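Chemist: Here it is, the structure in full.
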Amino acid sequence: MHSPCMREASEVCFYGCWPTTSLSLPDSQNPKSKSTSTIATSRNDFAATTASSLFPNIQFTNHESLPSLAESFSNFIKAYPRYSQTYHADRIRAQEYYHLSISNQVCLDYIGLGLFSHSQQKNQYSRTPVSSSSSLSPLPSHSSEFPFFDVSYKSVSLNSQILYGTQESELETVIRKRIMDFLNLSDYCMVFTANWASAFKLIAESYPFQSNRRLLTVYDYESEAVGAMIASSQKRGARVMSAKFSWPDLRIQSGNLKKMIVNKRKTRKRGLFVLPLQSRMTGARYSHLWMRLAQENGWHVLLDACALGPKDMDTLGLSLFRPDFLICSFYKILGENPSGFGCLFIKRSIASVLEASTIARSIGIVSLIPTKKPSQLPDDSFSTDTETQQTFKTGLQKDDSAVSGSLLAPISVQMDNGVGERSSTSNRMRHMEGFKHGETSELEETEQVSVKQRGPSSSAIAELEQPQLGKTETSADGSLEITCRGLDHIDSLGLTLISSRARYLINWLVNALTKLRHPNSEKGFALIRIYGPKIKFSRGPAVAFNVFDWKGEKIEPALVQKLADRSNISLTCGFLHHIQFSDKYKVEKDKVLETRPHEASRTEVNKNKDKVDMGIAVVTAAFGFLANFEDTYRLWAFVAQFLDADFVEKERWRYTALNQETIEV
């Protein structure tokens, strides 16, 4: 489990994850003390540098008075001169993901890792190599109808899949190996799942909660996937506990969590400890040492790596902590085709602990199968949109009697695979959190998957043509070779570059948002309230916030998300919970918290069906490794428009007028 980046990873992990109190030697005898002091100083300097990156001591009360993009970028570069070392990411974006510029889309709602690039998809059906010049033509709209692979549900229990395995396609074998190499994992079994939520539920239905009765989770936000896991585990007799987070910085209440973890009775069987290491809502990061403490006290550890950055896996030190279970997710292409799958990793030495479950046979274990090549398309050039649509419809009708073997089956899977298409605002509003974060708000459907929905039979799979995965070759021994260019790009950038780039962008944004204040307000209400870490060297590349009007009243996050969507900015809505207020903040508690029915509490096993969860509905922006300063600036400029007291009403009127015009036409 050694990576080319292991040296830099170990340094990042040491200074980022291990508290300085663990160093017992005095400064004169400790060889790391001087270095540690330098790191601490540089982090303090970082906060000061960020504060001065955007006109210090100046508040913006009018969106028209914001500095221009060019002026802001100039100040940004002065504050973070090392950002120029990350320009390789901009070159990759320009050459391989140029559709982001063509569509003028700011994607701040992606959590996960992309396998392929946009230009790789274009090459899939074109004989003409993609130029690296700036004058690139947009991808024909019909090509997105044919993804690189499809997923097919399997009727198999998790226990059986781990112990005995099933026959898989060569495509699946190759992608499995590429992912294992990318994540630096060994001695783990890997299972493809329909989505992130399916992986959690599979564990809930297979883990022996009858003997290991406790389930302890560490999430500062409401997760539909974790909620489903809690509901399933409760049905099987689990006692559920959750970490608490202190207001206002939303830090883990360490003393409380430690009491729940530490095993006073010295029994070996405790239960399952679920830790994300980073909040995908607030960007808060949690120490790796919680995993060690849990393991020392008899817990099995499930590491949720879905919110981690692309190369953060290199800092996990898996050879030291070795979680029993690990979950992450992958999608196909950043910014265009977010459908994909989840990955569940199980340490081989504890695979026998899992129990056989009939319910788990229909939850969401999937196979990756080659997509059917659009053979009706001309060889030399793309067909017109009309021709392609007709071909697509013909393909569906031709095999309509065997739905699971036709192109219709992959389409139905894509709508439930936990990532889905981002084609309309209504879809995102309907699937508030899950649809955006690799979860599905139709979790029950995965339990009702029929045999027909589970995908093509072996004979149907045999009829599928060779997958066209960009650069697809055959090695000397005749085996299939597939280039996952999205993962290659992440590897080429490396841990240090990716983490530094995200650190500069997210902290600049936090600083910029806090400088927006309403004009002519007696109390000087701030436009934005940020939840969780503010300007911080070690914060994650996500920020949770709310927008308030000039009266100090919160604007509904769903409305902010909808208006952002009209500006081609994709954001996410979420719900923060498990927040604890000390006596000092008792007055704030009633003003800040709101009630929302907790979906996980509406289950047959919960006697109190009227139970509600107290928390805060928020808007979240998450930065991927290809996000750039323009994306950051555009989000800031959009939010600043709420400084206009009539902005929301103007947008409502504009939306109504546009709809009326459309109807008349």
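Each value in this text was obtained by applying a stated rule to the coordinates, not by laboratory testing. Quick caveat: nothing in here was measured; it's all calculated off a predicted structure. Using ideal geometry, Cβ is built from the backbone for each residue, glycine included, and neighbour counts are taken over all protein chains shown.
Chemist: Test of understanding: ordering Trp550, Trp653 by Cβ neighbours within 10 Å, fewest first, what list do you get? If you can, show how the numbers build up before the last one.
Modeler: On the way: Trp550 18, Trp653 11.
Listed from fewest to most nearby Cβ atoms, that is Trp653, Trp550.
Chemist: How do 189-201, 91-103, 246-258, 63-75 rank on mean C-beta neighbours within 10 Å, highest first?
Modeler: 189-201, 91-103, 246-258, 63-75
Chemist: Could I ask something else about it? Rg over Rh of the range 220-294, using C-alpha atoms and the Kirkwood radius, what does it come to?
Modeler: Radius of gyration over Kirkwood radius for the range 220-294 works out to 0.96.
Chemist: Is the range 37-97 rounded, prolate or oblate when judged by the Cα gyration tensor, a ≥ b ≥ c being the square roots of its eigenvalues, rounded requiring a/c under 1.5 and prolate requiring a/b larger than b/c? Don't skip to the answer; put the middle values down first.
Modeler: Details: a/c = 3.06, a/b = 1.05, b/c = 2.91.
Oblate is the answer for the range 37-97, as a/c is 1.5 or above yet b/c matches or exceeds a/b.
Chemist: Now for a different question. Give me Ile359, Ile175 sorted ascending by neighbouring Cβ count inside 10 Å, so fewest comes first.
Modeler: Details: Ile359 16, Ile175 24.
In increasing order of surrounding Cβ atoms, one gets Ile359, Ile175.
Chemist: Further, regarding this structure: Counting every Cα pair in the range 150-200, what percent are over 14 Å apart?
Modeler: 59
Chemist: Same structure again: Just round it to a whole percent: the fraction of Cα-Cα distances in the range 188-254 exceeding 18 Å.
Modeler: Above the 18 Å cut-off, the range 188-254 has 44 percent of its Cα pairs.
Chemist: Which net charge results for the neighbourhood of Lys534, defined as the other residues with beta-carbon distances under 13 angstrom from its beta-carbon, given Lys and Arg at +1 and Asp and Glu at -1?
Modeler: Cβ neighbours under 13 Å give a net charge of +4.
Chemist: Please sort 626-634, 279-287 by packing, taking for each peptide the average over its residues of neighbouring beta carbons within 10 angstrom, highest first. Don't skip to the answer; put the middle values down first.
Modeler: Working: 626-634: 21.2, 279-287: 24.6.
Result, highest mean Cβ count within 10 Å first: 279-287, 626-634.
Chemist: Same structure, new question: Distance check, please: which entries in Lys554/Lys586; Lys562/Lys591; Lys258/Lys586; Lys177/Lys347; Lys78/Lys534; Lys201/Lys534 exceed 23 angstrom between their Cα atoms?
Modeler: Exceeds cut-off: Lys562/Lys591; Lys258/Lys586; Lys201/Lys534.
Chemist: Around Ser349, with a cut-off of 14 angstrom between Cβ atoms, what is the net charge of the other residues, counting Lys and Arg +1 and Asp and Glu -1? Could the numbers behind the result be given before it?
Modeler: Numbers: positive: Arg322, Lys347, Arg348; negative: Asp187, Asp324.
Every neighbour counted, the sum reads +1.
Chemist: Hey, fewest Cβ within 10 Å first, where do His118, His577 land in order?
Modeler: Fewest to most other Cβ atoms nearby, the residues stand as His577, His118.
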